[in-house]
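What follows is a single structure, written as structure tokens, with notes after it.
The values are calculated or read from the model by the stated rules, or taken from the named source; none is laboratory data. Predicted model only: the values in this text are computed from it and were never measured. Counting neighbours? That spans all protein chains shown, and the Cβs are built from the backbone with ideal geometry, glycine included.
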């Protein structure tokens, strides 16, 4: 790789050819302030905050879009550069709802951070914001035009990573706004509620819908037995909300925190993840044996289900009829569990803790309801919301002593925890299907071929002579590719395909802590597999509590009780 | 369906989008494209609706709100301004009984400002549909409007 | 009245029927192309370089260098774009060229295509130019029929077609990057540079974009020779310049002068001056140009001389304003133009111009303070230095130059603190 010699702030440095000034400056410990820049996205260079002086250039140059050249002389902190930065941030503030103290991103906002970092003490410009009402049409997300700084990060992730292009710039000049086509409400366009836009938004222009108060109400209602289930991805992510290293496995503290908040029972979604594997594994084998629709597609990612219903409803017969672990849990919580503890369905308030915003949509689907009366899941809280809820209760998460989940729905295996990573559902399914088909014990439990951040992965597994080809895809742009492959017949050799809506799988979900990059996703993924390796049971069918459930109640996979509680159907929502 | 026919004739690659929208708009009686129209174009071209609306809402000659049958554009930039363009505006507002930015009740005329039309040697200048009118006087304006009312 | 005009590009105006290619051919039409295809592309590039031709769209970048960069680029596809968006207020020169001598432009484009190795050409005409669109469409068709466009043009091996593309009402699409985005079917939201069009332009291929007037000069350079061309004008500014003279002058119109004539001569000798008591202010180039007081009109039309005074004359419009105008009023008018035309992508332009107007209004209303003046000047500098494209960079020019040359108009509006009378 060719090297380039340049001067930054009078220091001589040497970097690889093609390096941006922004990255070169880091070599001399200078972190040039940025706003629209995102390391995982294409360069936008529209905020004009990261401008620096480059000798010989008539105008200031953005550090995020300018590549170094041999002999370049850069000064990052000249009076003009610093003043220009301040002016551009002040200009943004002058068209912004400045009620920081009551804002959902207070303390966790990139605009606040940069305003403070630049030492801005007054906004010299008159505030020209024309206030608009928030778009609260979606059960999962809230759009607040008054906070938008037009950075375009949400547009990019929705267009490039998810391939949906729900949002774009509309209008021209100062009247430009980021919104859905025709300025429609989010719920009236084909948004899938994945929340990826909310994860990259630097401010509060698009955020998760807050359901914390509903949970407090339930906890404080003496008539309600409030149970909570925790998604696999949350236990390797929630620590970040409290300053802990990304990828810290904080399961025990999470359980303790939830108990401290006042939940009557702290259960684990991993329990029903194991259950899902039993049901889905048998469903797959049944389709293979009886010539059912193949390839079969997983169904636990609600953003993905929203996608296929709205964009490829003709392929719905491929989707597994299994509910997601969240919904299976809720169904058991209202349909099986109450009697066991001498209560009725209406006494149970079922909360789930998810890395996902689309789960809020999933929970309120009218068919996800026991006998049409009792929603499987009453409220979904995202990781970010739980962080805030603990703040409300003054819980010092990092100091908590570890505690154990409640029985019986707190018992799970390593196969369940890997659901949180892309390829995890597939791997978990293979661990079980292998033993069911061959009758042998699976020694090599790690299916590395389906792990990692590659957009589409495939593997071929030998089940005692029966060759099974599988595929794993994550992010909706890859899902779309898979759909086209199925339509063209290219995917006919695959028996089973796992699709996750979010890049990286659930650990990259729309409700996860801010600041995620590919590097951070990998750390959360590593923690998931580390957690799996440490667990005593690593195959779903070894889960004793799941086996008890079948013995006592469900009787057999895909049986009548399973169909009543644990399976669902889908809708053609193409408009 | 209009959008289908125009798209088939002009081609469906993204570079055709603006040209398709302009022609489609011209064929509509109120000189604008509804969200249904834009959706149809998006469908024909395999482009996201957000992109098609982004284009339609960006360009001045594309309208997403109903206009009159004849759109009167008044240039207000400096070369016309110093030649009395604002007097032209006042006279037209009086003649049509609407303010700039509005459309007459009978749907015949819309009045709007435009940026420089490139006919500064004839200042002050207005454009009605595809025609340029320059060296305007009060008398000329009266004649011009009467002419459109007659057709 | 001595004639300071030099008719090079406007030679055929009024002598030919623009709808007749035969008329054009009868007056040396396509003779330059015949000559060009007999010499090598590299020699043509050298010739254009030697002529000293600078881009006539406003940026004044050496046309020969652009041509050379595209010629040297290794790519199976290369594009040539003629920028006929002409949205700069006060300018109508390109319109005149298209309406009166369309084939001159086409000939220039084909010669350039031959030199640069372009495989496809576009002519981007603003949507409001109905008649030029009609005339150019006709001319392109006629040129193709005669074999000056198409496959193996004049047996040179060059395959080149020109596609006419119509704009949809957006001044910013006259800016190279916004133009290319518009051509590709997007809103014209300009983008950061580098890379520049000569390396990664239309559809990321090497592209030569030049103004109509720039292409119109090419046949003359080839036919008359670079040396003859370079004899016209001054040391730093070769050839002629089309001047769109408008505003309050008696004889508004298009004139062609050699570089070096003074602004005053153009206004007095060609425009016959203004009626009434006199000239208050002249804006050079258009809305994005410098505003000068009457006592500076002795400046010569020359890129270097202007640049030495930190002035530009852009695409050559001269908007003359008599003393009935109010300086701040005019400046506000130009800012409204940019407000309406800003694409909205970058902060300083999208937000900054709004505040330039708000602050200016304080001066207009007589309630400005010294702090407002300081803020205005800081804001002007920030917008100029940090906008993504030329629109933002040039938008504050009228404000900046009037603050320099008409400062009293601003300072006289600053609120004075009155001492309390006891």
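Tabulated results
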read-out: Positions within region B:112-137 being crowded, with 23+ Cβ neighbours inside 10 Å and either more than 7 Å from every other protein chain (Cβ to nearest Cβ) or over 15 Å from the mean Cα position of the chain (by Cα) (or both), in sequence order; value: B:118, B:119, B:120, B:123, B:124, B:125, B:126, B:136
read-out: Qualifying positions in region C:56-75 - in a loop (DSSP other than H, G, I, E, B) and over 22 Å from residue C:97 (Cβ atoms); value: C:73, C:74, C:75
read-out: Flag for residue C:354 being without any contact (Cβ under 8 Å) to a residue 60 or more places away in the chain, closer than 15 Å to residue C:384 by Cα, within 12 Å of chain A (Cβ to nearest Cβ) and surrounded by fewer than 24 Cβ atoms within 10 Å (Cβ to Cβ); value: yes
read-out: Set A:113, A:134, A:150: member being under 22 Å from residue A:516 (Cα atoms) and in contact with a helix residue (DSSP H, G or I) (Cβ under 8 Å, 6 or more places away or on another chain); value: A:150
read-out: Test: residue in region A:274-289 that is within 18 Å of the chain's Cα centre (by Cα) and within 21 Å of residue A:570 (Cβ to Cβ); value: no
read-out: Qualifying positions in region C:277-312 - free of Cβ contacts under 8 Å to residues at least 40 places away in the same chain, in contact with a strand residue (DSSP E or B) (Cβ under 6 Å, 6 or more places away or on another chain) and away from chain B (no Cβ under 14 Å); value: C:294, C:298
read-out: Subset of region A:514-571 that is outside any loop (DSSP other than H, G, I, E, B) and touching a strand residue (DSSP E or B) at 6+ places or on another chain (Cβ under 7 Å) - its residue that is nearest to residue A:408 (Cα to Cα); value: A:566
read-out: Selection status of residue B:88, more than 14 Å from chain C (Cβ to nearest Cβ) and either part of a loop (DSSP other than H, G, I, E, B) or at pLDDT below 95 (or both); value: yes
read-out: Members of region C:94-127 found to be in contact with a strand residue (DSSP E or B) (Cβ under 8 Å, 6 or more places away or on another chain) and in a helix (DSSP H, G or I), listed by number; value: C:94, C:96, C:97, C:98, C:105, C:106, C:109, C:110, C:112, C:113, C:114, C:116
read-out: Every residue from region C:155-178 that is in contact (Cβ under 8 Å) with a residue 12 or more places away in the chain and part of a loop (DSSP other than H, G, I, E, B); value: C:156, C:158, C:159, C:161, C:167, C:168, C:169, C:170, C:175
read-out: Count of region B:8-44 residues which are in a helix (DSSP H, G or I) and within 9 Å of chain C (Cβ to nearest Cβ); value: 8
read-out: Restricting region A:141-173 to residues that are part of a helix (DSSP H, G or I) and without any contact (Cβ under 8 Å) to a residue 12 or more places away in the chain, the residue that is nearest to the other protein chains (Cβ to nearest Cβ); value: A:173
read-out: Hits in region C:128-147 (condition: within 14 Å of chain B (Cβ to nearest Cβ), out of contact with any helix residue (DSSP H, G or I) (no Cβ under 7 Å at 6 or more places or on another chain) and in a helix (DSSP H, G or I)); value: C:130, C:133, C:134, C:137
read-out: Matching option when the condition is within 21 Å of the chain's Cα centre (by Cα) and on the phi > 0 side of the Ramachandran plot, among B:107, B:84; value: B:107
read-out: Checking residue A:467 against (1) without any contact (Cβ under 8 Å) to a residue 12 or more places away in the chain; (2) surrounded by fewer than 16 Cβ atoms within 10 Å (Cβ to Cβ); (3) in a helix (DSSP H, G or I), the condition it does not meet; value: (3)
read-out: Residues located in region A:35-57, provided they are in a loop (DSSP other than H, G, I, E, B), touching a strand residue (DSSP E or B) at 6+ places or on another chain (Cβ under 8 Å), more than 8 Å from chain C (Cβ to nearest Cβ) and buried (at least 24 other Cβ atoms within 10 Å of the Cβ); value: A:50
read-out: Matching residues, region A:364-407, being farther than 21 Å from residue A:103 by Cβ, assigned to a strand (DSSP E or B) and in contact (Cβ under 8 Å) with a residue 12 or more places away in the chain; value: A:370, A:374, A:375, A:379, A:380
read-out: Qualifying residue in region A:491-502 (condition: in a helix (DSSP H, G or I), surrounded by 24 or more Cβ atoms within 10 Å (Cβ to Cβ) and modelled with pLDDT of 95 or more); value: no
read-out: Among (1) more than 9 Å from chain C (Cβ to nearest Cβ); (2) outside any loop (DSSP other than H, G, I, E, B); (3) in contact (Cβ under 8 Å) with a residue 12 or more places away in the chain, the one test that residue B:67 misses; value: (2)
read-out: Subset of region A:59-86 [more than 33 Å from the chain's Cα centre (by Cα) and at the interface with another protein chain (Cβ under 8 Å from one of its Cβ atoms)]; value: A:59, A:60, A:80, A:83, A:84
read-out: Residue identified as closer than 20 Å to residue C:190 by Cβ and within 9 Å of another protein chain (Cβ to nearest Cβ) among C:384, C:371; value: C:384
read-out: Check on residue A:128, crowded, with 21+ Cβ neighbours inside 10 Å, more than 22 Å from the chain's Cα centre (by Cα), in a loop (DSSP other than H, G, I, E, B) and within 14 Å of chain C (Cβ to nearest Cβ); value: no
read-out: Residues being in a loop (DSSP other than H, G, I, E, B) and surrounded by 13 or more Cβ atoms within 10 Å (Cβ to Cβ) - total across region A:58-68; value: 7
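Quick grid of which residues meet (1) more than 24 Å from the chain's Cα centre (by Cα); (2) free of Cβ contacts under 8 Å to residues at least 12 places away in the same chain; (3) not assigned by TED's automatic domain parsing to the domain that holds residue C:300:
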residue	(1), (2), (3)
C:6	no, no, yes
C:16	yes, no, yes
C:34	yes, no, yes
C:39	yes, yes, yes
C:43	yes, yes, yes
C:50	no, no, yes
C:53	no, no, yes
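Listed here are the residues, each with its yes/no results for (1) assigned to a helix (DSSP H, G or I); (2) surrounded by 20 or more Cβ atoms within 10 Å (Cβ to Cβ).
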residue	(1), (2)
C:180	yes, yes
C:186	no, no
C:192	no, yes
C:195	no, no
C:200	no, no
C:203	yes, no
C:215	yes, yes
C:219	yes, yes
C:227	yes, no
